[in-house]
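Trainee: Attaching a single structure in structure tokens format; questions to follow.
Every number here is computed from the coordinates shown, using simple stated rules; none is lab data. Quick caveat, the model's predicted, so the values are computed rather than measured.
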Amino acid sequence: MSKSEPESVDWSALKSAAIEAMKRAYAPYSDFPVGAAALVDDGRLVSGCNVENASYGVGLCAECSLVSNLTMTGGGKLVAFTCVDGNEDVLMPCGRCRQLLYEHSAPGMVFETVSGLKTIDQVLPDAFGPRQLEEYRS
Ligand code: THU
């Protein structure tokens, strides 16, 4: 069974990493800390927290921090993802962050959601991505 199959993902390790990340959130304006964690296709685990700003719209979601962490630690594709709020409950990525994650997703990337495990195609159907740009340019 490959790492990307939901059964082989250590969801509790991912959840723990997301909780640890959430505890590092800088969220003085919303008072809504978020932590995200993901498994990479080479077995690495990456995580991130939200980082807000006095200029509210400049604030970064936890997924932005996670994707930066992914890139800074060697890149790769995300195969499994979870996100928690300050109560340690599963949180769905906002629409912008689904797009952000899509760019770095392995085919069939699995999300822990409020309604069970779902794939990237289920949480962002008919997505726009690098393929559309390539098709247009070719
Ligand atoms: N937030 C995230 O970090 N990720 C999401 O997918 C949803 C929202 C953050 C942004 C902001 O700092 C706080 O949650 C309240 O919206």
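Trainee: What is the mean projected area of the alpha carbon convex hull for the chain, to one decimal in square nanometres? Working shown, then result.
Mentor: Numbers: hull surface 36.6 nm².
Convex hull of Cα atoms, orientation-averaged projection: 9.1 nm².
Trainee: Using just the helices of the chain, give the 222 nm mean residue ellipticity in deg cm²/dmol: DSSP H runs with n ≥ 4 each add -39,500 (n - 2.57), and the total is spread over all residues, rounded to 500. Before the final figure, lay out the partial values.
Mentor: Numbers: 5 runs with 44 residues, N = 138.
For the chain, the value works out to -9000 deg cm²/dmol.
Trainee: Could you work out the per residue convex hull volume over the alpha carbons of the range 1-55, in cubic angstrom?
Mentor: 83
Trainee: Separate question: Just report the Cα centroid separation between the range 124-138 and the range 1-64, whole Å.
Mentor: Between the Cα centres of the range 124-138 and the range 1-64 lies a distance of 26 Å.
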